[in-house]
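S.K.: Please read through the structure below; I'll follow up with questions.
Any read-out appearing in this document is the output of simple, stated calculations on the displayed coordinates, not a laboratory observation. Everything numeric in this text was worked out from a predicted model, so none of it was measured. Neighbour counts are summed over all protein chains in view; Cβ atoms, including those assigned to glycine, are modelled from backbone coordinates with ideal geometry.
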Amino acid sequence: MRLYSMPTSGNSYKVRLLLALLGQRADLIDVEYGWESLAQAKAEGKMPFGKAPVLELDDGTLLPESNAILFWLGRETRFVPGDALDQAQMLSWMFWEQNQHEGVIAVRAALLNYPHRRAQATPERLAELLESGNALLQIMEDHLATRDWLVGADASLADICLYAYTHTADTRGGFDLSPFPALRAWLGRVKALPGYIGLDD
Ligand SMILES: N[C@@H](CCC(=O)N[C@@H](CS)C(=O)NCC(=O)O)C(=O)O
């Protein structure tokens with residue numbers, strides 16, 4: 001397998017993290033903003049939706065979308081619960097991550113860290129994202145106040161998926177995580193999973 005992966009991106013990191021947790025290997029093609037490799041991967045048709053990550057299977061099939069890749073790699077592993085309702089709830093969190101969490105938590109980090117996004121980092125936009133991001137983090141905090149993992153009794157793809165941008169919400173996104181103790185404890189539990197790697201590993 002080959003993974004077209006952006007080193008600084010949480011969407012790519014979540015796939016690298018799952019591969020590490022599963023002890024699976026893939027050839028990594030690093031495609032970063034401004035790098036020739038990103039333009040080349042696009043020109044070669046390796047990015048059907050124009051975005052990383054993309055997993056290229058051994059038969060050449062291209063699988064885009066981080067959470068679809070998690071689902072593919074995670075099938076029949078400990079990270080997909082056996083119960084059908086647990087599976088559906090895992091998907092609820094994964095859809096929520098893409099349609100609400102990522103568009104706020106990851107976007108604030110992108111505006112603060114990527115030079116090509118800096119023009120959009122107006123004080124108003126940053127304040128707006130801070131307020132909506134805190135509301136999203138509070139949803140996770142409330143849920144995790146009474147449980148160790150987002151779904152069921154063990155770590156699932158939902159935890160891996162949401163860990164990616166949440167664990168750098170403070171360092172890259174400028175969020176204060178001190179009001180979210182249950183969320184911080186959950187970040188620690190993900191980090192303690194055997195095989196864990198960090199964003200820069
Ligand atoms: N929904 C997609 C989002 C992927 C995405 O936005 N990737 C960005 C980096 S985080 C990207 O590849 N950008 C390259 C570009 O726009 O040229 C996923 O989860 O995989």
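S.K.: Return the residues of region 5-17 that are assigned to a helix (DSSP H, G or I) and touching a Ser or Thr at 6+ places or on another chain (Cβ under 9 Å); say none if nothing qualifies.
M.R.: Gly10, Asn11, Ser12, Tyr13, Lys14, Val15, Arg16
S.K.: With the structure loaded, tell me whether Ala182 is within 30 Å of Gly23 (Cα to Cα) and either without any contact (Cβ under 8 Å) to a residue 24 or more places away in the chain or in a loop (DSSP other than H, G, I, E, B) (or both) or whether it fails that test.
M.R.: Details: within 30 Å of Gly23 (Cα to Cα): yes; either without any contact (Cβ under 8 Å) to a residue 24 or more places away in the chain or in a loop (DSSP other than H, G, I, E, B) (or both): no.
Spelling it out, it is not the case that Ala182 is within 30 Å of Gly23 (Cα to Cα) and either without any contact (Cβ under 8 Å) to a residue 24 or more places away in the chain or in a loop (DSSP other than H, G, I, E, B) (or both).
S.K.: Kindly list the number of the only condition in (1) more than 22 Å from Asp176 (Cβ to Cβ); (2) part of a helix (DSSP H, G or I); (3) of a type in the set (D, E, K, R) that fails for Glu131.
M.R.: (1)
S.K.: (1) under 21 Å from Pro53 (Cα atoms); (2) assigned to a helix (DSSP H, G or I); (3) in contact (Cβ under 8 Å) with a residue 12 or more places away in the chain: which one isn't true of Asn99, the others all being true?
M.R.: (3)
S.K.: Further question on the same structure: Which one is nearest to the ligand (Cβ to nearest atom) among residues in region 31-71 that are in a helix (DSSP H, G or I) and surrounded by fewer than 12 Cβ atoms within 10 Å (Cβ to Cβ)?
M.R.: Ala39
S.K.: Sort out which residues of region 18-58 are in contact (Cβ under 8 Å) with a residue 60 or more places away in the chain, over 23 Å from His116 (Cα atoms) and within 18 Å of the chain's Cα centre (by Cα), and write them in order of number. Break it down stepwise before answering.
M.R.: Residues of region 18-58 in contact (Cβ under 8 Å) with a residue 60 or more places away in the chain: 18, 20-23, 33-34.
Now drop any that are not over 23 Å from His116 (Cα atoms), which leaves 18, 20-23.
Of everything in region 18-58, those that are in contact (Cβ under 8 Å) with a residue 60 or more places away in the chain, over 23 Å from His116 (Cα atoms) and within 18 Å of the chain's Cα centre (by Cα) turn out to be Leu18, Ala20, Leu21, Leu22.
S.K.: Out of region 72-116, which residues are more than 10 Å from the ligand (Cβ to nearest atom) and charged (D, E, K, R)?
M.R.: Arg75, Glu76, Arg78, Asp83, Asp86, Arg108
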